[in-house]
Amino acid sequence: MSTRNALVTGASRGIGRAIAVELARAGYRVLINYAGNATAAAEALALVRAAGGDGLTVQGDIGRAADRERLVAAAAEGLGRIDLLVNNAGVAPTVRADLLESTEESFDRLFAINLKGPFFLTQQVARRMLTQERDAEGFRGRIVNITSISAYTASVNRGDYCMVKSGLSMMTGLFAERLATEGINVYEIRPGVIATDMTAGVQAKYDKLILQDERGISPIRRWGKPDDVARAVRAIAEDRFPFTTGSAFDVDGGFHLHRL
Ligand code: NAP
């Protein structure tokens, strides 16, 4: 495969960093977007280079229109063609508040970063992809949205997070339908409980739910790793599923199964 280019949001830490490194192993050049942690972003770029790839880091809050424009301009200048967009950046509520107590401030923050940002970034990147020639595989581009088991699981202490992830899931279907005939396939990956900074504060709770309770919340009884998600993104990035679009991949140790 000749060198391809990817824009990965929130790639300085956690799942996004693992995706950037795995894409580098697959021969991609990667734009590593981050919100504020420049040191973590530089570490991610060093790992990308150690994996045999290359790329650049670009600060930008995907919840802000001006930052999204700057990000796409940096991608155009630094990468040229965009073969893959991974909408990974996302935040959890600062406080896990009951549905009857949760605030408008938290809702607005999650909506801006986890749904409005990815929607308008995808709109801009898709417009660019439409101007690109089809590659040897017949694609103008690929788009992957990192949603969550929260897209369909009701957690009443973070309802805002569930609602925006559910919206991101619908967004996958919308862009998949709109772009299918244009040579752009769109996917959703639903991670289960993954060990990152995002879940560090609730580690004891999930240790119990995954490892100690009689059956565990997932049939595969371990924490997910960022690399578990990254490998799924790589499979899409390498066009292992050419006759699919709008598909959701559950990378969750089997959490999604109804069990009896
Ligand atoms: P994380 O460890 O907290 O890392 C978050 C990343 O997103 C960082 O690179 C951060 O940049 C970046 N980011 C945060 N706000 C941003 C913004 N406004 N604009 C641009 N970048 C921003 O999170 P994670 O666990 O890897 O989660 C990654 C994605 O997977 C999220 O969408 C999350 O909802 C989803 N997910 C996670 C889990 C899980 O169990 N961890 C499960 C299901 C889904 P800085 O380093 O600059 O702060």
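Values quoted throughout were computed directly from the atomic coordinates according to the rules given, and no laboratory measurement underlies them. Treat the numbers as computed from the prediction; the structure is a model and nothing was measured. Because the Cβ atoms are built from the backbone with ideal geometry, glycine has one as well, and the counts that use them run over all protein chains shown.
Structure values in brief
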| quantity | calculated |
| --- | --- |
| Net charge contributed by nearby residues that have their C-beta within less than 15 Å of Ser155 (K/R +1, D/E -1) | +1 |
| Span from the segment 185-258 Cα centroid across to the segment 141-164 one, whole angstrom | 12 Å |
| With eigenvalues of the C-alpha gyration tensor scaled by 5 and rooted, the chain, Å | 28, 20, 19 |
| Excluding exposed DSSP-loop GluC sites (Glu not before Pro) (at most 10 other C-beta within 10 Å), longest clean stretch of the chain | 1-100 |
| Other-chain or far-sequence residues with amide H under 5 Å of Arg142's (modelled H) | Leu84, Leu85 |
| Burial ranking of peptide ranges 161-173, 193-205, 3-15, 47-59 (average Cβ count within 10 Å, highest at the top) | 3-15, 161-173, 47-59, 193-205 |
| Mean Cα-pair separation over length for the chain, i.e. relative contact order, pairs under 8 Å, 6 or more apart, % | 19 percent |
| Nearest-ten-degree value, helix 117-131 long axis tilted from longest Cα axis of the chain | 20 degrees |
| Local electrostatic count at Ile189 - Lys and Arg +1, Asp and Glu -1, tallied over other residues with Cβ under 15 Å | 0 |
